[in-house]
Amino acid sequence: MIKNPTLKIVCASAAGTAALFAHNICSLALILFMTVICSYFMKELNYALKTSLLLGKLSLLLFITVLLSDKSGTVLAAFAPFTIYTGAPKAAFEASLRIIAASLPLLVVLKSSDMKNLMDSLARDLRIPPKYAFALASAFRFIPDLSSELQDIIEVEKARGQDFDSANIIKKAVLTSSLMLPLLLSALKKSARSAVAAKLRGFEKRTGKSSSTLEAISKTEYTAAFALVTISLLLFLWK
């Protein structure tokens with residue numbers, strides 16, 4: 001299994017990019033399946049399943065938008081002022097699945113990676129200056145943290161009486177969009193605390209030689225990474 005954080009991010013980025021530009025639903029489903037299998041070996045299966053569910057909830061707004069705006073096929077249903085065409089449900093489902101399949105690989109990899117090892121790996125393997133490696137690693141690590149924060153905000157809103165389990169898709173989409181402001185404020189607070197903590201620890205004096213010693217990347221890791229990137233490329237090219 002791949003242990004090097006940089007190789008993990010390369011594989012996750014390849015899978016996410018393939019999902020973002022894949023030509024059919026089968027490719028998206030296979031990328032999602034491959035992500036779940038890899039998350040099992042990284043011991044992050046529960047996190048992957050919970051995050052998939054959360055991403056599904058967040059993609060409801062996109063689902064509704066595509067459902068009401070796609071004009072492919074013939075008229076399936078009409079109710080003023082909207083008209084739903086026969087090709088719209090498939091297009092809406094594909095758009096939602098694409099968001100989940102494109103986001104999940106990177107989220108799982110970041111959740112399984114230690115930020116310090118990730119920062120050191122970026123500085124050593126990609127020759128990124130330490131301060132930029134720290135900024136990049138911090139940005140990466142904030143993604144799963146914000147995902148957990150969003151779930152906490154949802155639970156708080158449920159305790160206040162908000163009906164996030166409503167069967168009304170439009171109501172769910174409106175409630176989900178209202179969560180963005182508290183999530184943004186939480187992100188700003190986290191970034192400010194991280195900046196202060198780094199300054200107090202003397203990060204400005206850090207150099208490339210300050211990184212802890214990382215294990216050399218093995219041939220097995222290179223082979224596994226090459227195989228995963230190749231599979232992602234094939235799924236992207238599959239029409």
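Residues that are out of contact with any Lys or Arg (no Cβ under 6 Å at 6 or more places or on another chain), among the aromatic types (F, W, Y) and within 30 Å of L118 (Cβ to Cβ) are absent from the range 53-75 altogether. Set side by side, the residues I128, I64 differ, and just one is modelled with pLDDT of 80 or more, of a type in the set (V, I, T) and under 24 Å from the mean Cα position of the chain (by Cα), which is I64. For the range 37-67, give me the residue count where each residue is in contact (Cβ under 8 Å) with a residue 40 or more places away in the chain, among the hydrophobic types (A, V, I, L, M, F, W, C), open to solvent by 30 Å² or more (accessible area, probe 1.4 Å) and more than 17 Å from A224 (Cβ to Cβ). Summing the residues that are in contact (Cβ under 8 Å) with a residue 40 or more places away in the chain, among the hydrophobic types (A, V, I, L, M, F, W, C), open to solvent by 30 Å² or more (accessible area, probe 1.4 Å) and more than 17 Å from A224 (Cβ to Cβ) in the range 37-67 gives 4. Filtered by the rule that a residue be loosely packed, with under 15 Cβ neighbours inside 10 Å and hydroxyl-bearing (S, T, Y), the range 113-141 gives a lone residue, Y132. The residues of the range 149-169 that are modelled with pLDDT of 65 or more and assigned to a helix (DSSP H, G or I), listed by number, are E149, L150, Q151, D152, I153, I154, E155, V156, E157, K158, A159. Against the numbered list (1) in contact (Cβ under 8 Å) with a residue 60 or more places away in the chain; (2) surrounded by fewer than 18 Cβ atoms within 10 Å (Cβ to Cβ); (3) assigned to a helix (DSSP H, G or I), A18 comes up short only at (2).
The values are calculated or read from the model by the stated rules, or taken from the named source; none is laboratory data. No experiment lies behind these values; they were computed from the predicted model shown. Cβ atoms come from the backbone with ideal geometry, glycine included; neighbour counts cover every protein chain shown. Each accessible area value is taken on the protein alone, full model and side chains, heavy atoms only, with ligands, DNA and RNA left out. Shrake-Rupley method; radii C 1.70, N 1.55, O 1.52, S 1.80 Å.
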